[in-house]
1. Looking only at the stretch 2-17, how many residues end up being touching a residue at least 24 places away in the same chain (Cβ under 8 Å), surrounded by fewer than 15 Cβ atoms within 10 Å (Cβ to Cβ) and either among the hydroxyl-bearing types (Ser, Thr, Tyr) or assigned to a loop (DSSP other than H, G, I, E, B) (or both)?
2. With respect to the numbered conditions (1) open to solvent by less than 20 Å² (accessible area, probe 1.4 Å); (2) more than 14 Å from the ligand (Cβ to nearest atom), which one is the sole condition not fulfilled by residue 58?
3. Going by the structure shown, is residue 30 at pLDDT 95 or above and closer than 12 Å to residue 119 by Cβ?
4. Give 30, 72 a once-over and let me know the one that is of a type in the set (Lys, Arg), within 14 Å of the ligand (Cβ to nearest atom) and under 22 Å from residue 151 (Cα atoms).
5. Quick one: which residue in 42, 53, 103 is outside any helix (DSSP H, G or I) and within 13 Å of the chain's Cα centre (by Cα)?
6. Of all residues in the stretch 76-116, count the ones that are loosely packed, with under 14 Cβ neighbours inside 10 Å, of a type in the set (S, T, N, Q) and within 16 Å of the ligand (Cβ to nearest atom).
7. Taking the condition of being over 15 Å from residue 42 (Cα atoms) and either in contact (Cβ under 8 Å) with a residue 12 or more places away in the chain or touching a Lys or Arg at 6+ places or on another chain (Cβ under 8 Å) (or both), how many residues in the stretch 133-148 meet it?
8. Which members of the stretch 70-100 meet the condition of being touching a helix residue (DSSP H, G or I) at 6+ places or on another chain (Cβ under 7 Å) and part of a loop (DSSP other than H, G, I, E, B)?
Amino acid sequence: MIITSELTKELRMQFALDWQGIHGAAHWARVRANGLKLAEASQARTDVVELFSFFHDSMRANDDFDPHHGIRAAHYVESLRGKLFELDDSGLDLLKLACEEHSNGLMDADITVQVCWDADRLDLGRVGIRPDPYRLCTEAAKDAEMIEWAYARSIKGHSD
Ligand SMILES: [Fe+2]
């Protein structure tokens, strides 16, 4: 398990927003679950996907417009590697790119990065948006059953 209780504790301690809010812990957990499900159908790296789920929104300064939160998350990832989690250099590159660009609407990237972005986009139901298959990157995420599964969980507020 790459997400340890020590790592979660650190992330929670520095998180500036509401832990129960739209970019807080339950969202991170659902992104993780979405990502692991998508990774089953692809060659995506689960260590990167799991770390992305817990890091990508961790440096948000507000719940609205915060265009640099992904870049801050990428720096944060780098500062904790080797301290609170282990990741090789190529995994770090993928994770940083996934964090940096996750809110810019991109589609084309390495499969691991695509799975990270799709996992996040599949959780848009929590803010009243049904995920649009044309804005998802991977075939696994575009699958109608996958979208419905993730959408239902996002609306009900699942936290696992
Ligand atoms: Fe997110």
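The values are calculated or read from the model by the stated rules, or taken from the named source; none is laboratory data. These numbers were taken from a predicted model, which means no experiment stands behind them. Reconstructed Cβ throughout: ideal geometry from the backbone, glycine too, with neighbour counts over all protein chains shown. These area figures cover heavy atoms from the full protein model, side chains too; ligands, DNA and RNA do not enter into them. Shrake-Rupley method; radii C 1.70, N 1.55, O 1.52, S 1.80 Å.
1. 3
2. (2) is the only condition that residue 58 fails.
3. On the way: at pLDDT 95 or above: yes; closer than 12 Å to residue 119 by Cβ: yes.
Yes: the conditions hold for residue 30.
4. Details: 72 fails: under 22 Å from residue 151 (Cα atoms).
Checking each option against the conditions leaves just 30.
5. Of 42, 53, 103, the one residue that is outside any helix (DSSP H, G or I) and within 13 Å of the chain's Cα centre (by Cα) is 103.
6. Selection size over the stretch 76-116: 1.
7. Quick first cut of the stretch 133-148, residues over 15 Å from residue 42 (Cα atoms) only: 133-135, 144-145, 147-148.
Checking the rest, the ones that are also either in contact (Cβ under 8 Å) with a residue 12 or more places away in the chain or touching a Lys or Arg at 6+ places or on another chain (Cβ under 8 Å) (or both) come to 133, 135, 147.
Of the residues in that region, 3 qualify.
8. Answer for the stretch 70-100, where residues must be touching a helix residue (DSSP H, G or I) at 6+ places or on another chain (Cβ under 7 Å) and part of a loop (DSSP other than H, G, I, E, B): 84, 87.
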